[in-house]
Amino acid sequence: MRILVTGGTGFIGSHTAAELLNAGYDVVIADNLCNSSPEVIDRIQDVTGKRPVFYEADIRDRAAMERIFRENEIGAVIHFAGLKAVGESVQIPLTYYENNIAGTVTLCQVMEQAGCHVFVFSSSATVYGMTNPVPFREDMPTSATNPYGWTKRMLEQILTDETVAHPEWSVVLLRYFNPIGAHPSGLLGENPNGIPNNLFPYIAKVATGALPRLNVFGNDYDTPDGTGVRDYIHVVDLAKGHLMALEYAFNHKGAEAINLGTGKGTSVLELVHAFEKASSVSIPYVIAPRRAGDIATCYADTEKAAKLLNWHAQFGVDDMCRDGWNYMVKREGK
Ligand code: NAD
Ligand code: WQD
């Protein structure tokens, strides 16, 4: 069975491509490399002993998508390709709507044409918005607070509408919580250009000395130590969740939203201390004002993933920090 992985040279896509290859699937990757590099294909081969087929292609490019489906018998699509920086999405909303929404619509139209109807989509816990109580359950109302979040919320609607109109479609909307860490080999991971927006890569860059200190955005939240609490999930656990979602999609029709998280909350300071323990490097930090748009606490209700996918996260934050640090050490020679 041949699976098309869009965004497959990116952080989560590369780990998922590796898990797919290890499980015996053939993998075709389509990525325009706007946020990743082609060497990732070599790294996936190093990790699995198998080389995915790679197309440098944009999901908005209909002819390129048609060519991929013409040249490969694609059984299902796992769709990671998209822009993901919340702050940037506020600055350039049209770029986000075009890339994420128009791109996904084009991809689905080409799938429809090719008779491929099995789709696993990267959604996000961001669709739970600002007002739901934790833990976040899939049947809670969804919304968004920024254009990036709206692309996820709107695409969930668009894909659900498609399954209503065309019952042969099977769509799994995976709502990821906070994916961090790296492949245990140290060959795949996340290393954003410039100053990271997200906590884990920021801590990692402080640890390597590339950044002087961490700004902790607020210590007056209603949480045990006052700092923001999130549900961090090891990227390898997340990747494995996609294989379970794929199996589910092959055996069911319609659209289903499913959380992928651990169900456990970790505060900013707890993550800092776990990273210090894993790396034996001290992470200097200062308390800074709250970041606009942040909520105090976010973690998943994991029951639906357990019931429908028989999937549970295996790794804890200590594993995530160990593997994330190992990746940085290998990559930067620190
Ligand atoms: P990433 O940026 O590492 O990977 C995305 C990949 O998509 C990149 O390789 C990029 O080059 C590619 N891409 C972007 N636009 C494209 C286009 N038009 N055509 C072809 N390729 C394109 O991001 P990631 O962290 O691996 O995230 C993957 C998906 O998961 C994204 O859709 C993201 O919104 C979603 N998600 C991520 C997180 C997170 O915290 N990392 C959380 C929830 C959801
Ligand atoms: C985590 C905690 C910050 C940076 C984002 C997106 C979300 C999803 C995952 C894609 C918060 C604090 C952070 C820093 C800090 N992505 N923090 N100093 O905001 O939960 O989620 O990524 O779908 O849509 O919004 O993740 O890692 O940015 O923040 O104190 O330099 O760390 O305030 O409490 P977030 P994050």
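Structure values in brief
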item	result
Selection from the range 108-128 of residues that are away from ligand 1 (no atom under 14 Å from the Cβ) and open to solvent by less than 10 Å² (accessible area, probe 1.4 Å)	111, 116
Residue identified as crowded, with 20+ Cβ neighbours inside 10 Å, of a type outside the set (Val, Ile, Thr) and either within 16 Å of ligand 2 (Cβ to nearest atom) or assigned to a helix (DSSP H, G or I) (or both) among 132, 100	100
Output for the range 135-166, where each listed residue is open to solvent by 60 Å² or more (accessible area, probe 1.4 Å) and of a type outside the set (A, V, I, L, M, F, W, C)	137, 139, 141, 145, 157, 161, 166
Whichever residue in the range 1-49 is in a helix (DSSP H, G or I) and among the acidic types (Asp, Glu) and, among such residues, is least open to solvent (accessible area, probe 1.4 Å)	19
Subset of the range 79-97 that is within 16 Å of ligand 2 (Cβ to nearest atom) and of a type in the set (Val, Ile, Thr) - its residue that is surrounded by the fewest Cβ atoms within 10 Å (Cβ to Cβ)	90
Filter result (under 18 Å from the mean Cα position of the chain (by Cα) and under 23 Å from residue 145 (Cβ atoms)) within the range 98-121	99, 100, 101, 103, 104, 121
The range 214-231 - residue that is more than 10 Å from ligand 2 (Cβ to nearest atom) and either in contact (Cβ under 8 Å) with a residue 60 or more places away in the chain or aliphatic (A, V, I, L, M) (or both) and, of those, least open to solvent (accessible area, probe 1.4 Å)	220
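One line per residue, one yes/no per condition, for (1) more than 18 Å from the chain's Cα centre (by Cα); (2) aromatic (Phe, Trp, Tyr); (3) not in a helix (DSSP H, G or I):
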| residue | (1), (2), (3) |
| --- | --- |
| 271 | yes, no, no |
| 274 | yes, no, no |
| 294 | yes, no, yes |
| 307 | yes, no, no |
| 314 | no, no, yes |
| 320 | no, no, no |
| 325 | yes, yes, no |
| 328 | yes, no, no |
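The values are calculated or read from the model by the stated rules, or taken from the named source; none is laboratory data. In this text, all values refer to a predicted model and were calculated from it rather than measured experimentally. In this analysis, Cβ positions are derived from the backbone assuming ideal geometry, glycine residues included, and neighbour counts consider all displayed protein chains. Ligands, DNA and RNA are excluded from the accessible area calculation, which covers all protein heavy atoms including side chains. Shrake-Rupley method; radii C 1.70, N 1.55, O 1.52, S 1.80 Å.
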